[in-house]
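Notes follow the structure.
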Amino acid sequence: MSVIPVLNISMLNGGIDEKNKFISLLTKAAHDVGFFYLSGHAVSFEFLKKVREITKRFFDLPEKDKLLVSMINSPHFRGYNISGNERTNGKADWREQFDIGAEREPYRLTDMDPIWLGLHGHNQWPKSLPELKNIMLAYNDTLTGISLKLLRALSLGLGLPENSFDEIYGDMPNEHVKLIRYPSCRSTKDGQGVGAHKDSGLLTLILQDDSKGLQVKTGDNKWIDVFPIPDTFVVNLGEILELATNGYLKATIHRVLSPIGQEERISIAYFLGASLDSIVPVFELTKTLTSGISLIETDPNNPLLRNVGLNYMKGRLRSHPDVAKKFYSKWSNLYEK
Ligand code: OGA
Ligand code: NI
């Protein structure tokens with residue numbers, strides 16, 4: 001892997017040959033690289049401009065307004081974190097962030113319930129930026145639509161029925177939008193914007209600004225830049241797709257370095273995860289696809305669970321130890337090594 005391909009999703013609207021061409025390029029990118037740029041997505045420039053502007057305005061709010069919607073108020077892991085609050089590989093990530101999920105009724109957890117039911121709930125919205133809510137919920141829905149198109153195309157590319165993934169994302173996919181601001185490395189301790197990691201869900205779509213910093217790890221352990229390309233999303237696969245295909249599809253390790261010399265880097269990440277009550281299946285792939293592939297790699301310090309809700313909750317608890325201690329102290333065996 002040395003190049004991250006650009007795939008044009010509008011090919012899905014073309015004739016059968018064009019559609020099949022897209023499906024084969026997508027499947028190849030998902031197997032070889034696990035990362036690609038998506039163009040031709042038909043999300044209007046004006047809408048994306050609005051999304052970027054409101055994100056910038058959120059981060060430019062006075063600190064006290066942002067702290068009013070701190071994640072520490074939310075057992076559902078929604079809200080704002082100052083730089084350095086989140087951890088990856090046990091080290092602080094130098095990024096300010098605001099987490100938004102699907103708006104769902106919160107569940108009153110009892111001792112008998114699976115812990116991940118605590119993830120359902122409402123978002124926190126800043127009173128001083130009332131437009132944020134509608135724009136971000138619309139953005140969430142638009143990106144879910146694109147992600148589902150990609151998943152269906154990927155199913156076909158794997159020789160499976162088009163709706164093979166429908167069951168795991170279900171009626172309530174785990175949708176998550178994260179607004180992120182990486183401060184310049186001048187103000188960070190060690191340049192870890194976000195430490196090396198794989199994403200946990202199905203698909204991630206990242207809207208970058210025009211500064212670099214995002215990098216992916218190649219098979220020969222080199223880091224390559226995912227430099228920004230205007231009018232594209234960067235798409236990468238998460239561990240659920242890797243697990244469901246026994247490693248045929250790649251959840252590639254990536255990281256963000258703190259921006260050098262420039263003030264900040266802003267990115268808006270959208271994550272599509274599976275429904276929390278689902279179990280990751282293993283799909284039978286044809287021999288033509290799988291001959292000679294390497295097996296799935298799992299992190300021995302953080303083994304992957306097929307139980308989607310529990311795996312996702314474990315990730316949230318480890319990333320946000322302050323929220324974990326406040327609301328989930330009874331479950332500390334899940335997140336304290
Ligand atoms: C993430 C991530 C990349 C970026 O949040 O999982 O990898 O560019 N973000 O912000
Ligand atoms: Ni990531």
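The values are calculated or read from the model by the stated rules, or taken from the named source; none is laboratory data. These numbers come from a predicted model, not from an experiment. Note: ideal-geometry Cβ built from the backbone for every residue, glycine included; neighbour counts use all protein chains shown. Heads up: the accessible areas ignore ligands, DNA and RNA and are worked out on the full protein's heavy atoms, side chains in. Shrake-Rupley method; radii C 1.70, N 1.55, O 1.52, S 1.80 Å.
Brief remarks on what is shown
- Selection status of N89, closer than 21 Å to S155 by Cα, surrounded by fewer than 16 Cβ atoms within 10 Å (Cβ to Cβ) and not aromatic (F, W, Y): no
- Test for D32: is it of a type in the set (D, E, K, R) and modelled with pLDDT under 95: yes
- K178 vs. criteria within 16 Å of ligand 2 (Cβ to nearest atom), under 18 Å from V69 (Cβ atoms) and at pLDDT 95 or above: yes
- Strands (runs of 3 or more DSSP E) fully within region 173-282 counting 2 or more residues that are within 15 Å of ligand 1 (Cβ to nearest atom) and surrounded by fewer than 16 Cβ atoms within 10 Å (Cβ to Cβ): 223-225
- Hits in region 155-169 - residues which are open to solvent by less than 30 Å² (accessible area, probe 1.4 Å) and either among the β-branched types (V, I, T) or in contact with a Leu (Cβ under 9 Å, 6 or more places away or on another chain) (or both): G157, L158, L160, S164, F165, I168, Y169
- Hits in region 115-142 - residues which are part of a loop (DSSP other than H, G, I, E, B) and touching a Pro at 6+ places or on another chain (Cβ under 9 Å): H120, G121, H122, S128
- Test for L156: is it in a helix (DSSP H, G or I), touching a helix residue (DSSP H, G or I) at 6+ places or on another chain (Cβ under 8 Å) and modelled with pLDDT of 95 or more: yes
- Subset of region 218-248 [at pLDDT 95 or above and within 12 Å of ligand 2 (Cβ to nearest atom)]: V226, V234, V235, N236, L237, G238
- Residues that are surrounded by fewer than 16 Cβ atoms within 10 Å (Cβ to Cβ) and out of contact with any strand residue (DSSP E or B) (no Cβ under 9 Å at 6 or more places or on another chain), drawn from region 110-121: T110, D111, M112, D113
- Number of the condition not met by T142 [criteria: (1) among the β-branched types (V, I, T); (2) at pLDDT 95 or above; (3) within 16 Å of ligand 1 (Cβ to nearest atom)]: (3)
Condition check ((1) in contact (Cβ under 8 Å) with a residue 24 or more places away in the chain; (2) over 16 Å from T55 (Cα atoms)) across all residues:
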| position | (1), (2) |
| --- | --- |
| D113 | no, yes |
| L119 | yes, yes |
| N134 | no, no |
| T142 | yes, yes |
| K149 | yes, yes |
| R152 | no, yes |
| S155 | no, yes |
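- Checking Q97 against (1) within 16 Å of ligand 2 (Cβ to nearest atom); (2) open to solvent by 30 Å² or more (accessible area, probe 1.4 Å); (3) not small (G, A, S), the condition it does not meet: (2)
- Considering (1) polar (S, T, N, Q); (2) open to solvent by 10 Å² or more (accessible area, probe 1.4 Å); (3) within 22 Å of the chain's Cα centre (by Cα), the lone condition that N73 does not fulfil carries the number (3).
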